[in-house]
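Chemist: Below you will find the structure I want to go over with you.
Every read-out reported here was derived from the displayed coordinates using simple, explicitly stated rules and does not represent laboratory data. All values derive from a computational prediction rather than experimental measurement. As a convention, Cβ positions derive from the backbone with ideal geometry for all residues, glycine included, and neighbour counts pool all protein chains shown.
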């Protein structure tokens with residue numbers, strides 16, 4: 001069974017996210033910061049009357065901070081909490097060609113933690129990202 | 001009442017529907033303990049509800065079925081096909097009766113007795129039931145479902161529909177705010193503004209209604225038990241006072257519904273098992289009227305509900321023995337349980353310490369159901385009990401969607417909210433309150449002492465805009481009674497906010513409990529005040545948890561303790577007060593009514609001459625004189641004032657005798673408290689105490705001198721100070737030895753701790769005064 005994935009761009013790379021998990025793509029409005037929260041949590045924003053926790057995907061992947069460049073975010077709900085995952089750009093929604101393949105490359109820790117596997121799509125090969133692990137962020141992982 | 005009946009019918013139908021599958025499965029495999037438990041609970045619940053609605057026939061059936069199954073659960077009975085049949089027949093009959101209640105018809109007596117007999121396992125004598133088993137008239141009535149629904153006046157909606165409706169309204173408000181900005185930039189346009197204002201009003205109204213639709217004050221739920229408690233108490237021949245303290249806690253309607261049954265079970269248990277009978281209570285030296293307290297409070301991100309009674313408590317040793325006997329745990333395991341874990345055994349299915357099974361409860365059903373239901377909604381249940389002292393069941397239920405009275409504060413660029421229930425007052429910072437640093441920690445001084453001060457900007461690691469002396473100090477009262485100041489830049493607002501849960505990674509910081517939406521639509525974090533205190537070392541872990549309930553307790557006691565007094569300006573220029581209880585009325589009399597006989601003044605009032613006190617030796621020059629008319633059973637007298645008469649509340653803890661007069665504090669002003677009649681005798685009058693009962697008190701104890709003595713005197717005793725005289729009553733601390741050779745008719749023990757069961761705790765003033773009254777009554781006889 002193939003799945004459709006959303007192709008997004010983070011820190012210059014393309015990533016694939018299972019499309020059925022993404023409720024919508026929004027333009028980020030005002031983000032209220034959360035003092036003392038883990039670094040990858042950029043803050044809170046509101047989508048209509050729902051509060052969303054904004055995740056900085058670059059920081060969650062333990063990459064270099066991308067400045068204030070994030071304008072778009074993917075809205076998803078995990079364990080009843082809404083999240084807005086800030087990304088650089090959304091490219092497309094495409095069908096995956098086959099199942100994700102095991103990773104043979106040695107990846108940087110952030111990628112290694114969040115990636116499910118390599119996925120071939122009609123627009124090229126990219127990593128399929130597990131949203132839950134992305135949202136959990138580096139600190140949580142260490143604690144576990 | 002109709003709506004309750006409708007509720008009952010709906011609920012019973014729902015349960016019957018749910019039971020259907022269990023019954024079929026049980027029929028196939030009657031030995032299945034879990035299924036048996038489910039069916040057992042059904043009967044238990046139906047029985048409980050019936051008691052409430054006075055449906056004796058249903059109750060009798062459910063009771064009989066429960067009885068039979070209890071026998072199976074405890075292993076006294078084995079299951080056979082006949083019992084299964086009998087149980088199923090009863091379930092069917094309950095269904096018929098529920099339909100009949102709904103359609104307002106009566107199911108004829110029919111064969112209830114036969115069903116009950118079948119359950120009891122006795123041989124059924126066919127002759128006895130040879131009479132027409134099902135009266136023909138029964139059939140049309142029991143085809144009830146066709147007529148169901150006529151009496152329903154409520155509409156049941158799926159809650160997610162209501163949720164969507166509510167978030168739709170919130171969205172409309174956000175759009176409205178946006179629109180407002182746009183209209184403002186357009187410049188003045190009367191027509192648009194008028195329409196816009198109307199829209200705003202309608203929206204605000206709709207939002208208010210919508211909020212009400214989902215939220216219910218928890219006090220509604222609590223009050224709904226009052227009737228049940230009263231009826232139950234009457235049934236059991238007990239005196240029960242139910243106290244409700246729910247603050248302003250509101251809960252999601254759905255949450256309330258989910259709590260209704262579990263709480264009912266707990267309250268019922270408290271009345272039935274927790275509280276002793278009148279005689280037992282008297283024998284234990286407790287007030288005859290038992291107390292059941294329901295309280296709710298928001299603490300952090302949970303609503304904490306406590307149901308406590310001052311009854312006999314749970315006998316933990318017996319409970320553990322029973323658990324061992326039933327094979328729930330081994331003796332070794334039992335020996336390792338903490339007291340809290342031992343108490344939790346009461347929630348194991350089939351365990352109870354009630355020695356006799358009553359028709360209300362006591363088969364160990366209830367608490368397991370309760371715990372299951374609470375855990376299902378993500379809550380926690382804890383049992384706190386002290387043998388002889390009472391039992392408290394504490395439920396922590398999550399705050400998924402609840403309105404919290406909050407304070408919004410600003411620090412630097414950011415806005416935060418905090419639950420107002422923690423805030424005792426707000427103080428403007430500055431030199432006046434700033435104190436020295438102690439051990440590197442900033443402190444501030446308020447009238448009641450020195451308190452540590454945390455700066456919220458430092459706690460959160462953000463930059464505040466105000467210098468320390470310009471900050472606003474929010475005084476936060478912790479659960480254990482300790483107070484600290486939280487310094488913020490400014491208070492923005494105070495109002496009710498809807499708190500929603502926030503991502504676990506954010507609550508993991510220990511600084512926040514949730515997120516709220518401010519009126520402009522922007523999100524703001526709600527601070528975890530207890531967490532902040534704990535992280536800063538102001539509150540230990542243990543404190544935060546264990547004492548959560550005692551604060552409500554203290555607050556309650558204090559409120560009860562304040563004595564209403566009438567304060568007035570006396571003619572000698574001082575300010576005096578007298579217990580409001582003693583004041584009959586305030587009257588204005590003309591000069592002519594006042595007279596002197598020798599040096600004693602009197603006044604003519606209502607055709608009666610009564611003594612007039614409080615005058616200087618001469619007749620007042622005022623044409624009219626304000627007097628307080630003071631009376632009790634024994635005497636009636638008047639006290640002259642110089643006006644300025646008002647009602648106040650006096651904290652008896654401030655009363656002191658040290659100057660030879662009884663003085664108390666009203667605000668920060670000392671007043672002299674006058675004593676009349678049974679409140680003691682005023683010097684000018686003959687002392688009635690000498691032929692009344694006498695009492696000896698602990699000596700050299702300030703508490704006894706300042707506090708106990710007035711109470712004892714108020715109860716009519718004359719206090720005897722030497723150790724040799726025979727007295728009617730001796731009050732002593734339980735750690736003191738009896739006073740030498742002197743004799744006392746009665747002894748009242750005051751406990752400082754947990755040294756003895758019969759002692760009354762110092763803090764338990766209500767208990768103390770009640771005990772004193774009981775003693776007086778006995779002495780008088």
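Chemist: Once Rh is set to the Kirkwood radius over Cα pairs, what Stokes-Einstein translational diffusion coefficient, in µm²/s, holds for segment B:217-398 at a temperature of 20 °C and a viscosity of 1.002 mPa s?
Modeler: 129
Chemist: Averaged across the residues of B:504-512, what count of C-beta atoms belonging to other chains lies within 10 Å of each residue's C-beta?
Modeler: Taking the mean over all residues of the peptide, I get 6.
Chemist: So, one more: Using a 10 Å cut-off on Cβ atoms, rank the peptides B:420-429, B:511-520, B:453-462 from the highest mean neighbour count down.
Modeler: Taking the mean over residues of other Cβ atoms within 10 Å, the ranking is B:511-520, B:453-462, B:420-429.
Chemist: Averaged over its residues, how many other protein chain Cβ atoms are within 10 Å of peptide B:514-525's Cβ atoms?
Modeler: Across the residues of B:514-525, the mean count of other-chain Cβ atoms within 10 Å is 4.
Chemist: As an exercise, use a Förster radius of 60 Å and the Cβ-Cβ distance of residue A:89 and residue B:96 to find the FRET efficiency, rounded to the nearest 0.05.
Modeler: With R0 = 60 Å, the Cβ-Cβ based efficiency is 0.35.
Chemist: Related question: Binned at 10 Å from 0, what are the whole-percent values of the Cα-Cα distance distribution for segment B:163-214, short to long?
Modeler: For segment B:163-214, the binned pair fractions read 24, 47, 22, 7 percent.
Chemist: Let me ask something else. Extending each Cα 7 Å along its Cβ direction at residue B:324 and residue B:230, get the distance between those two points in nm, one decimal.
Modeler: Here the modelled spin labels are 4.6 nm apart.
Chemist: I'd like to compare B:693-700, B:307-314: which one has the highest average count of other Cβ atoms within 10 Å, and what's the full order after that? All intermediate terms of the calculation are to be shown ahead of the outcome.
Modeler: Numbers: B:693-700: 18.4, B:307-314: 24.4.
The densest-packed peptide leads the list: B:307-314, B:693-700.
Chemist: Still on this structure, I have one more. How large is the helix-only mean residue ellipticity at 222 nm for chain A, computed as the sum of -39500 (n - 2.57) over DSSP H runs with n ≥ 4, divided by its residue count, in deg cm²/dmol to the nearest 500?
Modeler: -4000 deg cm²/dmol
Chemist: If each residue of separation counts as 0.36 nm, what is the full-extension length gain between residue B:239 and residue B:703 once their alpha-carbon separation is subtracted? Write out the running numbers ahead of the final one.
Modeler: Details: separation 464, 0.36 × 464 = 167.04 nm, distance 3.17 nm.
Between residue B:239 and residue B:703, full extension yields an extra 163.9 nm.
Chemist: Taking a temperature of 20 °C and a viscosity of 1.002 mPa s, what whole-number D in µm²/s does Stokes-Einstein yield for segment A:43-109 with Rh from Kirkwood over alpha carbon pairs? Don't jump to the answer; show the numbers that get you there.
Modeler: Values: Rh = 14.2 Å.
Once the numbers are plugged in, D ends up at 151 µm²/s.
Chemist: Sticking with this structure for a sec: Any chance you could list the semi-axes, whole Å, largest first, of the equivalent ellipsoid that the Cα gyration tensor gives for segment A:4-137, using √(5λ)? Each step should come with its number before you reach the end.
Modeler: Working: eigenvalues 114, 53, 33 Å².
Values for segment A:4-137, descending: 24, 16, 13 Å.
Chemist: Something else about it: Sorted by packing (mean other beta-carbon atoms within 10 Å per residue), highest first, where do B:53-64, A:17-28, B:91-102 land?
Modeler: B:91-102, B:53-64, A:17-28
Chemist: How much length is gained if the chain between residue B:445 and residue B:171 is pulled fully straight, taking 0.36 nm per residue apart and subtracting their Cα-Cα distance, in nm to one decimal?
Modeler: Answer, rounded to one decimal: 94.1 nm.
Chemist: Next question. Give me the inter-chain shielding for A:34-44: mean count of other chain Cβ atoms within 10 Å, whole number please.
Modeler: 6
Chemist: In what sequence do B:188, B:44 fall when counting other Cβ within 10 Å, fewest first?
Modeler: Ranked by crowding around the Cβ, least crowded first: B:188, B:44.
Chemist: Let me ask something else. Going by C-beta contacts inside 10 Å, put A:111, B:703 in order with the fewest on the left.
Modeler: So the ranking, lowest neighbour count to highest, is B:703, A:111.
Chemist: Taking the Cα-to-Cβ direction at residue B:120 and at residue B:535 and moving 7 Å from each Cα, how far apart do the two end points lie in nm?
Modeler: Spacing of the two 7 Å Cα→Cβ label points: 6.6 nm.
Chemist: Hey, rough spin-label estimate for residue B:492 and residue B:645, points 7 angstrom out along Cα→Cβ, what's it come to in nanometres?
Modeler: Inter-label distance under the simple model: 5.1 nm.
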